[in-house]
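Just so it is clear, none of the values below were taken in a lab; they were calculated from the coordinates. All values reported here derive from a predicted model rather than from experimental measurement. Cβ: placed from backbone, ideal geometry, glycine included. Neighbour counts: every protein chain shown.
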Amino acid sequence: MNKKVWSEDEEIRLSSLYIDENLNIDEIAIIFNKGRRSIISKLVNMGIYKKPEVEKEKSRTVKVMLRDLEEMLDIEIDGFNLNKKSNLIIIVDALKDKLSEV
């Protein structure tokens, strides 16, 4: 015999807190005195969990950021290696020029 971990009332409250009140997982975990993973697992099981979007800053690659720098500073960087001294010199000099214009 399986013991039901979540009562029907708890499932309704969980759904309401997550969807209607838009509380985050950590806030809900405190309310139910359960672990974060337990809350996510239940929301997934209920079919209502929304995976959080990845922050744009974390998903940007070195290549993309170097292209952004090239565009912003109107420079050309050789390859995609920031450890290359000549590339750092180009970036630092371009920044110095931009800052002196301000």
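Charge tally for Tyr18 (other residues, Cβ to Cβ under 14 Å; Lys, Arg +1; Asp, Glu -1): 0. Could you work out how far helix 85-101 tilts from the main Cα principal axis of the chain, as a 0 to 90 degree angle to the nearest 10? Approximately 90 degrees, to the nearest 10. So how tilted is helix 62-73 from the main axis of the chain? Cα-based, degrees 0 to 90, rounded to 10. For helix 62-73, the angle is close to 50 degrees.
Counting Lys and Arg as +1 and Asp and Glu as -1 over every other residue whose Cβ lies under 12 Å from the Cβ of Leu95, the net charge comes to -2.
Applying 1/(1 + (r/R0)^6) with R0 = 41 Å to the Cβ-Cβ distance of Arg60 and Ile31 gives a FRET efficiency near 0.70. Could you tell me how many degrees, from 0 to 90 and to the nearest 10, lie between the Cα long axis of helix 36-46 and the main elongation axis, the longest principal axis, of the Cα atoms of the chain? The angle comes out at about 70 degrees.
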